[in-house]
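Novice: Mind looking over this structure? Questions follow.
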Amino acid sequence: EDQVTQSPEALRLQEGESSSLNCSYTVSGLRGLFWYRQDPGKGPEFLFTLYSAGEEKEKERLKATLTKKESFLHITAPKPEDSATYLCAVQANRGFNKFYFGSGTKLNVKP
Amino acid sequence: GAGVSQSPSNKVTEKGKDVELRCDPISGHTALYWYRQRLGQGLEFLIYFQGNSAPDKSGLPSDRFSAERTGESVSTLTIQRTQQEDSAVYLCASSLGGPQETQYFGPGTRLLVL
C-alpha cells in the first residue's frame, strides 16, 4: 500500500538552530517526491520536486534530499518566518497522477 | 499571473443541506485535483480531472460527493446531505497536466457543518 509518513509531527527550534524533517515513503515506483510549505489558513505552497535517489535541491535556508526510502528537508539557521507546516507528497509511477500526502511537520522557530 | 482561486472562502451550513464549492484553476492547466484536509491532518485525495474527464474518482468518500469540470476551466465539488464529519478545508490544485507536474494550490474553502 502506498504510504507517506512524516516525522516529527511537531518541531520547536530556536532561531539559528539547524535541524531536519523526515519523510518516509512506500510506493510501488516513485514518479516524484514533492515538498510543500503550508501557512495557517492558506493552501500549500510548492517548494521542491525530487525525482531520483541521490538528488538534492536547495532554496535559501532549505535543502531537500532523496533516498530510495525517504527524503529529508534540512533547515539551516532557521528564522521565525520559516515557521509553518511542511508537507511531503509522493506521486506513484503508475496509473493516473495520484498524489499521497503525509500529515506534515509543524515547525515553530522562536526568536 | 493569477493563481488558483476558490470560492467561497468559508461556508457554514446545517446538517442535511447541500453545498457547492468552486475552483478556478490557473489558465492553461489541464489537470485539476480536489483534496480534503481535516484539522491537523494531511491532505486526502478526492478526485482528479484531466480536461473535463475524471480518470480517478477513487478518493470520493461516498456517493454524497460529486464533482464536475467544464472543459479545462472551472470545477465544482458538490456535497449532498452534508454531515458533521464533512467539516474540513477543501483544497483545489491545478497543474499543466503532464507527468511529474507540480501542483499549485488554491487557498481552500473552509466548510463547517453544524
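The values are calculated or read from the model by the stated rules, or taken from the named source; none is laboratory data. Because the structure is predicted, anything quoted here is derived from the model rather than measured. Methodologically, a virtual Cβ is constructed for each residue, glycine included, from the backbone with ideal geometry; neighbour enumeration extends over all protein chains shown.
Novice: Which one is nearest to the other protein chains (Cβ to nearest Cβ) among residues in segment B:36-73 that are within 14 Å of B:PHE105 (Cα to Cα) and touching an Asp or Glu at 6+ places or on another chain (Cβ under 6 Å)?
Specialist: The qualifying residue nearest to the other protein chains (Cβ to nearest Cβ) is B:TYR48.
Novice: While we're here: Cβ-Cβ under 8 Å, sequence separation 6+ or interchain: first residue in segment B:12-26 and over 12 Å from B:ALA93 (Cα atoms), partner among the charged types (D, E, K, R) and not in a strand (DSSP E or B). Which pairs?
Specialist: Matching pairs, first to second residue: B:GLY16/B:ARG81; B:LYS17/B:ARG81; B:ASP18/B:ARG81.
Novice: Return the residue satisfying two criteria in turn: it lies in segment A:61-91 and is in contact with a Gly (Cβ under 6 Å, 6 or more places away or on another chain) and surrounded by 13 or more Cβ atoms within 10 Å (Cβ to Cβ), and of such residues it is farthest from A:ARG12 (Cα to Cα). Full working, then the answer.
Specialist: Our first condition is that a residue be in contact with a Gly (Cβ under 6 Å, 6 or more places away or on another chain); within segment A:61-91, this holds for A:77, A:85, A:87-88, A:91.
Going one step further and asking which of them are surrounded by 13 or more Cβ atoms within 10 Å (Cβ to Cβ), we end up with A:85, A:87-88, A:91.
Numbers: A:THR85: 12, A:LEU87: 16, A:CYS88: 19, A:GLN91: 29 Å.
If we take residues in segment A:61-91 being in contact with a Gly (Cβ under 6 Å, 6 or more places away or on another chain) and surrounded by 13 or more Cβ atoms within 10 Å (Cβ to Cβ), then A:GLN91 is farthest from A:ARG12 (Cα to Cα).
Novice: Kindly indicate the residue of segment A:68-103 that is of a type in the set (Ser, Thr, Tyr) and modelled with pLDDT under 95 and also nearest to B:PHE45 (Cα to Cα) among those meeting that condition. Please lay out each step first, then the result.
Specialist: If we filter segment A:68-103 for residues that are of a type in the set (Ser, Thr, Tyr), which is where we start, we get A:71, A:76, A:83, A:85-86, A:100, A:103.
Now narrow it down to the ones that are modelled with pLDDT under 95: A:100, A:103.
Numbers: A:TYR100: 7, A:SER103: 12 Å.
For segment A:68-103, the residue satisfying everything is A:TYR100.
Novice: Quick one: would you say A:THR105 is among the hydroxyl-bearing types (Ser, Thr, Tyr) and over 9 Å from the mean Cα position of the chain (by Cα)?
Specialist: Values: among the hydroxyl-bearing types (Ser, Thr, Tyr): yes; over 9 Å from the mean Cα position of the chain (by Cα): no.
No: the conditions fail for A:THR105.
Novice: Could you check segment B:74-107 and list, in sequence order, the residues that are of a type in the set (A, V, I, L, M, F, W, C) and within 14 Å of another protein chain (Cβ to nearest Cβ)? Spell out the reasoning first.
Specialist: Step one: of segment B:74-107, the residues of a type in the set (A, V, I, L, M, F, W, C) are B:74, B:77, B:79, B:88-89, B:91-93, B:96, B:105.
B:ALA88, B:VAL89, B:LEU91, B:CYS92, B:ALA93, B:LEU96, B:PHE105, listed by residue number.
Novice: Out of A:THR65, A:THR49, which single residue is within 10 Å of the chain's Cα centre (by Cα), within 17 Å of A:SER24 (Cβ to Cβ) and touching a residue at least 12 places away in the same chain (Cβ under 8 Å)?
Specialist: Values: A:THR49 fails: within 17 Å of A:SER24 (Cβ to Cβ).
Sole residue among the options that is within 10 Å of the chain's Cα centre (by Cα), within 17 Å of A:SER24 (Cβ to Cβ) and touching a residue at least 12 places away in the same chain (Cβ under 8 Å): A:THR65.
Novice: Here's another thing I want to ask about it. Assess whether A:GLY41 counts as being closer than 25 Å to B:VAL89 by Cα and part of a loop (DSSP other than H, G, I, E, B).
Specialist: Taking the combined requirement at face value, the residue satisfies it.
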